[in-house]
Each structure stands twice: as structure tokens, then as C-alpha cells.
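Here the structure comes first, spelled out in C-alpha cells, and everything after it is commentary.
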Amino acid sequence: MRFVGCALAWRPGETGEKDSCLVVMDERGSIIANTFAGSTEELRGAIEAYGEERRGVIVGVDAPLAVPNERGTRRIERILSKVALPAYSASRRMFNDAPLSEDLLSELEKVGIEYTDYPFPRGRGQNVVVEVESAATLKILSLERSGDEGDPATVLRGMDDPKFRKGNKEGRAAAIRGAIEVLWDTPGLRLRTGNLSADPSAEENIDVSKLEVAASMSHAELDRILALVEGTLAAYTVHRHWRGRDGSMVVGSGTEGSVLLPAKDTLRDRIAEEARAARVPYV
């Protein structure tokens, strides 16, 4: 099996201007490859190649895969905000009624990778794609690392949301370094392997754990490293669910928008409470 995290360049101002990033994990949780691509066709080709001669591929896309609302926010984003988890608001109007993620889903369907809004089976021989939220995943991992056993929504509200995209380079670099530190300490994720490069300008297979993230980098260089971080978080999210040991859940429905989250114990219960109140399905 291969587990692919896709940091899709889907936001207004990014589509067609920035590359998307793919990060690949094996069954042991090791990062074994990554690459950048400028079009959904290129992304589909790379994902197909990663899954070739394997017993299935599971793709986690860090982008809204179902956007039914013309304006405003999706119901899933409102639920996440209730428990202080970040989510970028999405509506069809902001994409001129043509979200890039819909093009990606169409491309993936051509090679037999199907969208699902239900927890995919913990077995081999499947080819599915789900929506994930890397910023929410990072904050959940920070919560788990803290060991705080209080009300998870209260603890999360006391944490700063990662500020990767806006602000000066000093702040962005510090936020990215903090995210990489969290990834280093995440059980079930092997961030460093022997086949990746420490050259941040390489076209593929960059070892994010070896990079010296500094304010002296350009915003474009920081964007590139951020995409690697987000892709890693996306790959980790689907791998964690497949492994089935550390807790996960799907909130929402396919037509309305659904997100796979790493969540266990009291956090899972808290998210479920908000989903029931909003009459949104969850599993």
C-alpha cells in the first residue's frame, strides 16, 4: 500500500500560479518520496505511478473536495470552528464555480481512485481519496503532544493557530519550524529516511527534516517547504486511519463536505457532540 498526501494549490491566487505537492508514505509510516506538480493531470500521473504494482493507494487531499455552497462557509468548517480547529472557508463563488479539487477528483477517477466520505476499510487492495485538513491535523497533534487532559476545545482555543501563509518571513519560518518539530515527535511517522535529499531546490524527494528553515529564505522558498509540511500531514492522516491504532473519525457527508481527522477519546467525543447538534453525520 501507498499513502499519498496532496497539498493542493487550490486557494484564490494559488491556482495556476503555485505548484501542488505530493508526499508518499509506506505501510511502516516512512516518508519515501515527494514531488511537485503544476496541473491536476500531472498530479494524477504521479499518484498513479506511486501506486503502480502496489496493493492499493489511499490519497488524502488537503483541499475542499465537495463545495455545494455558493457563498459563506461549509457546515464542516463551522463544526471545526466550534472546537477551535482551523479550516479555510470555501464556497463556489470564490472559485468562480470551478474548484480545482473537482478537476483533481475527475482526473483520479480516470485511474480508478474513487472519492469516499466514509472511513475506508483498514485493508489492502483499495484505491480511494478523502479530504483532510492539514492545519487541523497539526493542531490536534500539538494537543496530543501536550498531554493536557482538560476539555479539548478549551485547550485548543488556548493554542495559537499556525500562521504559515501571512505575515513576515520571520514569523512564517518560526511557524514552519514548529510544525516540523511536531512531526518529528509524532508516533507512527518516520520523518527521515535514507533516500531523500537535503536540497530544498530539488525537484523531488526532499527531506524536510534536514532543511534549515530561516527568515533569510524567500517567501517562495517558504511556500515550497510549507507544501511539503502540509503534504506530510495529509499523508499521515490517511495512514493513521488505515493503521487504526491512534484514533480517527470522518465528519460530514460527501455532498456537503466531509473531513477525515485524527481524533480520539475526549476530542472525538467533543467533535461528535458538535456534529450531532448541527445534525451533521460522523463516523
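The values are calculated or read from the model by the stated rules, or taken from the named source; none is laboratory data. Because the structure is a prediction, the values reported are computed rather than measured. Here the Cβ positions follow ideal geometry from the backbone for every residue, glycine too, while neighbour counts run over all protein chains shown.
Test residue 211 against the criterion of being in contact with a Ser or Thr (Cβ under 7 Å, 6 or more places away or on another chain) and crowded, with 16+ Cβ neighbours inside 10 Å, and give yes or no. Against the criterion (in contact with a Ser or Thr (Cβ under 7 Å, 6 or more places away or on another chain) and crowded, with 16+ Cβ neighbours inside 10 Å), residue 211 does not qualify. Looking only at segment 79-102, residues that are in a helix (DSSP H, G or I) and under 18 Å from the mean Cα position of the chain (by Cα) come to 6 in all. Selection within segment 244-254: residues that are in contact with a Lys or Arg (Cβ under 9 Å, 6 or more places away or on another chain) and more than 28 Å from residue 68 (Cβ to Cβ). The member of this set that is surrounded by the most Cβ atoms within 10 Å (Cβ to Cβ) is 247. Note on segment 224-243: among residues that are over 15 Å from residue 189 (Cβ atoms) and not basic (Lys, Arg), the one that is surrounded by the most Cβ atoms within 10 Å (Cβ to Cβ) is 227. Annotation: residue 196 fulfils all but one of (1) more than 17 Å from the chain's Cα centre (by Cα); (2) farther than 20 Å from residue 33 by Cα; (3) modelled with pLDDT of 85 or more; (4) of a type outside the set (S, T, N, Q); the unmet one is (2).
If you go through segment 24-54 and keep only what is among the hydroxyl-bearing types (Ser, Thr, Tyr), more than 19 Å from residue 206 (Cα to Cα) and outside any helix (DSSP H, G or I), you end up with just 39.
For segment 214-223, check the following and say yes or no: at least one residue is within 22 Å of residue 141 (Cβ to Cβ) and surrounded by fewer than 22 Cβ atoms within 10 Å (Cβ to Cβ). Within segment 214-223, one or more residues are within 22 Å of residue 141 (Cβ to Cβ) and surrounded by fewer than 22 Cβ atoms within 10 Å (Cβ to Cβ).
Out of contact with any Leu (no Cβ under 7 Å at 6 or more places or on another chain), closer than 18 Å to residue 28 by Cβ and outside any loop (DSSP other than H, G, I, E, B) - does that describe any residue in segment 171-192? Taking every residue of segment 171-192 in turn, at least one turns out to be out of contact with any Leu (no Cβ under 7 Å at 6 or more places or on another chain), closer than 18 Å to residue 28 by Cβ and outside any loop (DSSP other than H, G, I, E, B).
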